[in-house]
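Report on one structure; see the data block that follows.
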Amino acid sequence: MDAFHKLQILTGAAKYDVACTSSGVARKAAAGGIGSAEACGICHSFAADGRCVSLLKVLMTNICVYDCQYCVNRRSNDLPRTTFTPRELAELTFNFYRRNYIEGLFLSSGVLKNPDYTCEQMLEALRILREEYRFAGYIHAKIIPGADSQLIARIGALADRISVNIELPSQNSLRLLAPDKSKHAILGPMGYIHSHIKESSADRKRYRHGPKFAPAGQSTQMIIGATTDTDFQILNLTESLYKKYKLKRVFFSAYMPVAENTLLPAMGTKPQLLREHRLYQADWLLRFYGFTARELLDEQHQSFNPYLDPKCHWALNHMELFPVDVNRAAYNDLLRVPGIGVTSVKRIITARRTTTLNFDALRKLGVVLKRAQYFITCGGKTADGMIITRDAVLRALLSEKAWAMYNERFPLHPEAEQLSLFDEPSSCQEDVQKCLTGQI
Amino acid sequence: MLNRSNMIYLYDGSFNGLLCCVFESYDQKEMPVEILAPDIPQATLFPVKEIMTDPQKANRVLVSIPKKMGHEALDFVRQAFLTCLPQKELHILRFMRMGYCHGPSVMAMLANDAVHILFKAVKHLKNESHLLKGFLRFSVFNNVLVGEIEPKNCVLPLLRQHFCRRYPEERFLIFDKTHGMALAYHPYQSAIIAVEDLVLPEPDQKEQSFRELWRLFYETIEVKGRHNPRCRMSHMPKRYWKHLTELNRPQESLPISAYPGCKKLPDGGSDGQR
């Protein structure tokens, strides 16, 4: 098989992996070598689906002994199969990198023979890159669940970021759709990687040149919409992953039907892109805005509001905390205002040291007043002609159509009062009692 | 008292020249209505004053900036000078007058018009240079990497460190078509030089097959069920597409099947010494 077909097959097989970030590590090329990394990451292109292309995202092989139902590379799928040799892959990466096509390599793989053998192949490709080409660009390696911990340690020493895919958000779904994988086989390596990262960063505080282990941390991804798991469950899982394993990122991927199976959504089902989007918004709120999963969703409200972003939704349900005064409010309170993000908050804090901010100034600082104006005051004043009630704000933020749909789904007054021609006495039991006992 | 004159300053277009305009403005206690570089001819009725670039005067201003308003402000002014903001010279002069007046806190006065307009322009410059760190494409001719860009701002000084750190052992040239400048590097020196025009030779077989491989990768990586051209355009504006290998197919491009002899990867890159 020629290089073109190999690349086509192994890219096509890897494209459903979401992570394509190249952030979290800064470094320049060693003498005689090539490559550097920027802490912020660099996108080199954008595919026609709008996703960033930062790394050469390929599989080592798309041969797989597993039969995960949601996966395009499952054993039972009739596909052309092929494998890169480690040297081919290293050469391709080097030549793409040299032309500034990519920021580095994202290497995943199907399971060839067994997890250990697969990891060894991946390891050899990384070794050629790092040692023979003296390549200092970004490498993201996927750990095959079930691989030996020795191999994981060696991959972590060469790669910048490593990840183990959770794939499905619950043990039940996993048992149903990926019978060859277990919760233990996924969380085990994750815990191992976490402790290794901690160890290495502690060592490096003592010995400056101690060996690095996955300096850009670890990440994971899960599929959204293939199973019945709710947003609440997914977000809780996400939060605990961040807390317990100190993951850098959790990625979500709306399920694209790739197989006809009674356990899965039918072929031709639209991927749940909006749901994925809402989850990412919530993920940001967890990581940068000091929200907890419990604040955004709870047992009674298990899925996100499709019409409003999670932050706006939260703010509208907590109108008692608003408005906040931009000239006095603390960093954390400003962060909770819809329409004000991390950058704007920092600018507000800087700018208000020298002057009193008004609405016009806020616009210059990059605040989205369309949303923020309902939740803030400037020097005690609200924006002109503003009526701040939950309904008024909702109506202003949504289009007419969305407002109608919103009302249908989330009736504001569950027991809406029947209009009546005669005013009924509005006194309640308590008032009556107060009147009777004379305690007014 | 500041004298609002109707004077137009004409300077030589260099950063030092601009610093001399700042000197002149303070020396004469006047605020010009416009500061022009020589390559922008403009018929005007206002009196024109030609400002001669004097290294000594320029240096006095240069030294005073970090002293009066901090090193951050000096970097900021240097970057502002690279932007494509119309009348950037006048805006820089206004900013510096603010700076001399308020001291280092001028960098915090984000809501002030004079500061805000420069901040926006510098942000645009930094964004563009960040994007070009990714969108620049090199082609290999004779083992020299050559890339072409058409930025709005003058980004080469900002790209310099990035690419020199990334390819320390390569020889490369980045040609900025808009400004007629190029960043040239060979181990371990770099220079920004004036280049009128650059005509590139035909790419050889090896170069072409790597371009073709990259196009193939780019097309394959898209998840068709999520096709979203608007999203791509907002992340990667169309003005960058012209120099992207993956979005420009040569006219007489051969389909993939026309490379039957390509049994293994094109023998490339290792240059025999690594």
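Would you mind counting up the charge near residue A:168? Only other residues with Cβ under 12 Å from its Cβ, with Lys and Arg at +1 and Asp and Glu at -1. Combined, the nearby Lys, Arg, Asp and Glu give +1. From largest to smallest, the equivalent ellipsoid semi-axes obtained for the range A:3-220 from the alpha-carbon gyration tensor read 26, 22, 16 Å. The amide H of residue B:10, built 1.01 Å from its N in the peptide plane, has B:36, B:49, B:50, B:51 as neighbours under 5 Å, considering only residues 5 or more places off or on other chains.
Per-residue shielding of A:356-369, expressed as the average number of other chain Cβ atoms within 10 Å of the residue Cβ, stands at 2. Sequentially through the range B:209-223, phi angles give Karplus couplings (6.51, -1.76, 1.60; θ = phi - 60°) of 6, 5, 4, 5, 4, 5, 4, 4, 4, 4, 6, 6, 6, 5, 8 Hz, Gly and Pro residues having no value and appearing as x. With viscosity 0.692 mPa s and temperature 37 °C, the Kirkwood radius over alpha carbon pairs of the range B:6-72 converts through Stokes-Einstein to a diffusion coefficient of 263 µm²/s. Amide H contacts of residue A:44: A:53, A:54, each under 5 Å away and 5 or more positions distant or on a separate chain (H built 1.01 Å from N in the peptide plane; Pro and chain starts excluded). For the range B:3-126, the relative contact order is 25 percent, taking Cα pairs closer than 8 Å that sit 6 or more residues apart in sequence and dividing their mean separation by the residue count. Sorting A:207, A:289 by the number of Cβ atoms found within 10 Å of their own Cβ, with the fewest placed first, yields A:207, A:289. Prolate is the label for the range A:320-409, because the ratio a/c of its alpha-carbon gyration tensor axes (a ≥ b ≥ c) is 1.5 or higher and a/b is greater than b/c. Considering all C-alpha pairs of the range B:134-258, those separated by over 18 Å amount to 60%. Computed from the alpha carbon atoms alone, the convex hull of the range A:1-83 holds 147 Å³ per residue.
The distance separating the Cα centre of the range B:1-71 from that of the range A:309-384 comes to 39 Å. With the charge dipole of the range B:165-224 set up from +1 on Lys and Arg Cβ and -1 on Asp and Glu Cβ about the Cα centre, the Cα lying farthest toward the positive end among the listed residues B:185, B:203, B:167 is that of B:167. Each of A:222, A:267, A:58 was placed along the dipole of the protein assembly as shown (beta-carbon charges, centred on the mean Cα), and the one lying farthest toward the positive end is A:58. A simple count of charges around residue A:238, restricted to other residues whose Cβ falls under 15 Å of its Cβ and scoring Lys, Arg +1 and Asp, Glu -1, yields +2. Estimated from the Cβ-Cβ distance and a Förster radius of 41 angstrom, the FRET efficiency linking residue A:356 and residue A:77 is about 0.05. Rounded to a whole number of µm²/s, how large is the Stokes-Einstein D of the protein assembly as shown at 10 °C and 1.306 mPa s, given Rh as the Kirkwood radius over C-alpha pairs? Roughly 54 µm²/s, to the nearest whole number. For the range B:94-233, the Cβ-based charge dipole about the Cα centre amounts to some 780 debye (Lys, Arg positive; Asp, Glu negative; other atoms uncharged).
Averaged over the residues of B:228-239, the number of partner chain Cβ atoms lying within 10 Å of the residue Cβ comes to 4.
Within 10 Å of the Cβ of each residue in A:8-19, the mean number of Cβ atoms contributed by other protein chains is 2.
Quick one: pull the percentage of alpha-carbon pairs in the range B:3-126 with a separation above 19 Å. Result for the distance tail: 45 percent. Over all other residues within a Cβ to Cβ distance under 14 Å of residue A:39, the charged ones net out to +3, with Lys and Arg as +1 and Asp and Glu as -1. Taking a straight line from the alpha carbon of residue B:206, these lysines sit under 27 Å away, with near neighbours fewer than eight places off in the same chain left out: A:6, A:15, A:57, B:133, B:177, B:242, B:263, B:264.
A short reminder: the numbers here are calculations on the coordinates, not readings from a lab. Owing to the predicted nature of the structure, the values given are computational and were not obtained by experimental measurement. Note that we place each Cβ from the backbone using ideal geometry, even for glycine, and neighbour counts take in every protein chain shown.
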